[in-house]
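Structure, as structure tokens:
The values are calculated or read from the model by the stated rules, or taken from the named source; none is laboratory data. All figures in this text were calculated on a predicted structure; none of them were measured in a lab. Cβ coordinates were reconstructed from backbone atoms using ideal geometry, including for glycine residues, and neighbour counts include every protein chain displayed. Surface areas here come from the heavy atoms of the whole protein model, side chains and all, with no ligands, DNA or RNA. Shrake-Rupley method; radii C 1.70, N 1.55, O 1.52, S 1.80 Å.
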Amino acid sequence: MDLRLQGIGHQYGSMEIMQDINLDIPAGKIVCIVGPSGCGKSTLLRIIGGLEKATSGRVIQIGEPPSESINPLTYIFQDFALLPWRTVEGNISLVLEDHGIRGSKANAIITDVLARTKLTDFRKAYPKQLSGGMKQRVAISRALAVKPAVMLMDEPLSALDSQTRELLMDDLINLWTREPFTAVYVTHNLNEAVRLGHSIVVLSRRPGKIREVVDIATPLADRKLGDVELERQQEHLWNLMREEAVEADKELIDV
Amino acid sequence: MSNSNHVTTEKTIDFRGGGFAPKSKKWLGFVVFFFILAFIEIGTRVGFISNLTLPRPSDVFTTFLELWESGLLWEHLIPSLTRLFVGASIGSSLGICVGILIGLFSLARGSLVPVIAAIFPIPKIALLPLFVIWFGIDETSKYALIAFGTFTPTVVATYGAVDNVDRSLIRMGQSFSLSWFSIVTKIVLPGAMPGILSGLRISLAIAIILLVAAEMLGAEYGIGAYILEAGSLYNLERLFTGVAILSILGVSVSATIGMVENRLLDWRT
Ligand SMILES: Nc1ncnc2c1ncn2[C@@H]1O[C@H](COP(=O)(O)OP(=O)(O)OP(=O)(O)O)[C@@H](O)[C@H]1O
Ligand SMILES: [Mg+2]
């Protein structure tokens, strides 16, 4: 299942947030979205997943999601969004219950996703007993449990320290290598973008437009720390971002 | 920083991170009660508190024992407890329902919030004569008064609690395509539960006040009637016996809610 964004524009009141976004999200690829703060990345992600209505344009689904997919468009939130009154297990079963999956079937899924995110020992723990990185892994395993066709991730690693972030990035790359998933990955962190993205969409300052799309051909599994090609791409992205930030500052001075 | 020309002083950094985490020390409450009672007892015996100001705690206790032995205690207590239970259950369960409706639906919010704001400040006791006309002089009017009195604070506490439920959790529920009903029962209600329970504490205290008021205005039996009778005879021992029973009632209600909180909200601490 592919997604296509067609002429997406959005306004809050009279404030124009983004304009004319056209983008293809092919199945099995990770598309990263970077851009200056406030350019509408989170808003765009909410529009893609149907949590917000765009003022203009539409999001088109091309092809059917795989039949085993329980919740085709699934988010991973920056703030984890775990229910504090449910255990790890309860948080995962929450999203299965409503789709009629209970009992031993749910149990099997929970065991599987917890094993994949290395959380098996924390099945009965409450979120407050977990560290930030573990909470995000719970959120990732909850997303995996519903077998999404597309994962929509809004700065999933921003709340974490850099070591945990490295580890979780490796986890994501491993998950993807074993079983490629489709994802839209919003981030501030250009290093995350070049490590995880098959293509990187740079948005301009508000009103957000697509400034450039950078494709990176190196397979995810081969992207090592200190890779020259990646460093070059990252620098290129950084220059783009810096121009935007400088322009945004100038606009502030003009006002 | 350290310079060899200067004498460097050493000093442990003071701890300044304490406080702001009150723990309930149960025995402390008993100690305070004990000292207050002992003080009054000694005062009345020694004489620096006159017998007209306060009765002796020991006399109050004897009066209480007499009340117990004569069986009159239950004759007063059972009707009072029934009124409290029936009235408060009706009032708070309706209040929670209406509060949730206000918290969830624009239509309910727009139409009911002004009504609630208008009836909240009315002293409900002032309406007792009206309730007597509507429901008769017997139990129903008392149930109605207590129910009405607990209803409004429960509504306000409940919709406030629903408003305060973390929106990002609700959005999470929607993003996993949970049904509306599931979002309400599995996310909104548990999230609002702390606020609802602390609202219930206030509502039930109000219920006890209204119970006494209703019983003072027209009841043969009940703690309120007992206190009124004692008051009109200036029998301070009995008056204070009644008051003490009310305090105990209040403490028990609060302890019950505390237990419910511990059960339902153990995820918080
Ligand atoms: N619910 C809302 N109502 C009004 N304005 C909003 C709303 N949500 C976002 N905005 C505005 O839309 C713009 C884009 O917000 P958005 O959260 O999408 O930015 P972002 O690119 O994700 O920023 P960041 O990188 O800081 O997360 C911001 O200027 C913000 O002020
Ligand atoms: Mg954002």
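Kindly list the number of the only condition in (1) of a type outside the set (A, V, I, L, M, F, W, C); (2) within 16 Å of ligand 2 (Cβ to nearest atom); (3) open to solvent by 40 Å² or more (accessible area, probe 1.4 Å); (4) under 20 Å from A:ASP2 (Cα atoms) that fails for A:TYR75. Of (1) of a type outside the set (A, V, I, L, M, F, W, C); (2) within 16 Å of ligand 2 (Cβ to nearest atom); (3) open to solvent by 40 Å² or more (accessible area, probe 1.4 Å); (4) under 20 Å from A:ASP2 (Cα atoms), only one is false for A:TYR75: (3). Considering the conditions (1) of a type in the set (A, V, I, L, M); (2) more than 15 Å from the chain's Cα centre (by Cα); (3) at the interface with chain B (Cβ under 10 Å from one of its Cβ atoms), A:VAL113 is excluded by exactly one of them, (3). The residue that is surrounded by the fewest Cβ atoms within 10 Å (Cβ to Cβ), counting only those in segment A:195-238 that are of a type outside the set (S, T, N, Q) and within 16 Å of ligand 2 (Cβ to nearest atom), is A:PRO207. Return yes or no: is B:GLY258 surrounded by fewer than 14 Cβ atoms within 10 Å (Cβ to Cβ) and within 17 Å of the chain's Cα centre (by Cα)? Here the answer is yes, as B:GLY258 does meet what is asked. When we screen B:ILE208, B:ILE202 for residues that are modelled with pLDDT under 95, surrounded by fewer than 16 Cβ atoms within 10 Å (Cβ to Cβ) and closer than 26 Å to B:PRO153 by Cβ, the only hit is B:ILE202. Residues in segment A:207-214: is at least one at negative phi, in contact with a strand residue (DSSP E or B) (Cβ under 7 Å, 6 or more places away or on another chain), away from chain B (no Cβ under 14 Å) and of a type in the set (Asp, Glu)? Scanning segment A:207-214 turns up at least one residue that is at negative phi, in contact with a strand residue (DSSP E or B) (Cβ under 7 Å, 6 or more places away or on another chain), away from chain B (no Cβ under 14 Å) and of a type in the set (Asp, Glu). For segment A:50-63, the criterion of being within 25 Å of A:ASN174 (Cα to Cα), modelled with pLDDT under 90 and either outside any loop (DSSP other than H, G, I, E, B) or open to solvent by 10 Å² or more (accessible area, probe 1.4 Å) (or both) is satisfied by no residue at all.
Inside segment A:5-29, can you point out the residues that are in a loop (DSSP other than H, G, I, E, B) and either more than 13 Å from ligand 1 (Cβ to nearest atom) or within 14 Å of chain B (Cβ to nearest Cβ) (or both)? Walk me through it before giving the result.
Of the residues in segment A:5-29, the ones in a loop (DSSP other than H, G, I, E, B) are A:13-14, A:26-29.
Selection gives A:PRO26, A:ALA27, A:GLY28, A:LYS29.
Please determine, by comparing only the residues of segment B:143-199 that are more than 9 Å from chain A (Cβ to nearest Cβ) and not in a helix (DSSP H, G or I), which one is nearest to A:TRP85 (Cα to Cα). For segment B:143-199, the residue satisfying everything is B:VAL165. Of all residues in segment A:30-46, those that are within 14 Å of another protein chain (Cβ to nearest Cβ) and near ligand 1 (Cβ under 6 Å from one of its atoms) have Cβ atoms under 9 Å from Cβ atoms of residues that are of a type in the set (S, T, N, Q) and open to solvent by 10 Å² or more (accessible area, probe 1.4 Å), 6 or more apart or on another chain, in A:SER42/A:GLN78. Scanning segment A:47-94 for residues that are among the β-branched types (Val, Ile, Thr) and within 15 Å of ligand 1 (Cβ to nearest atom) gives A:ILE47, A:ILE48, A:THR55, A:ILE76. Counting the residues of segment A:76-101 that are over 26 Å from A:TYR185 (Cβ atoms) and outside any loop (DSSP other than H, G, I, E, B) gives 4.
Here's the yes/no breakdown for (1) in contact with a strand residue (DSSP E or B) (Cβ under 8 Å, 6 or more places away or on another chain); (2) closer than 19 Å to B:GLY250 by Cα; (3) open to solvent by 80 Å² or more (accessible area, probe 1.4 Å):
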position: B:THR9; (1), (2), (3): no, no, yes
position: B:TRP27; (1), (2), (3): no, yes, yes
position: B:ILE42; (1), (2), (3): no, no, yes
position: B:ALA88; (1), (2), (3): no, yes, no
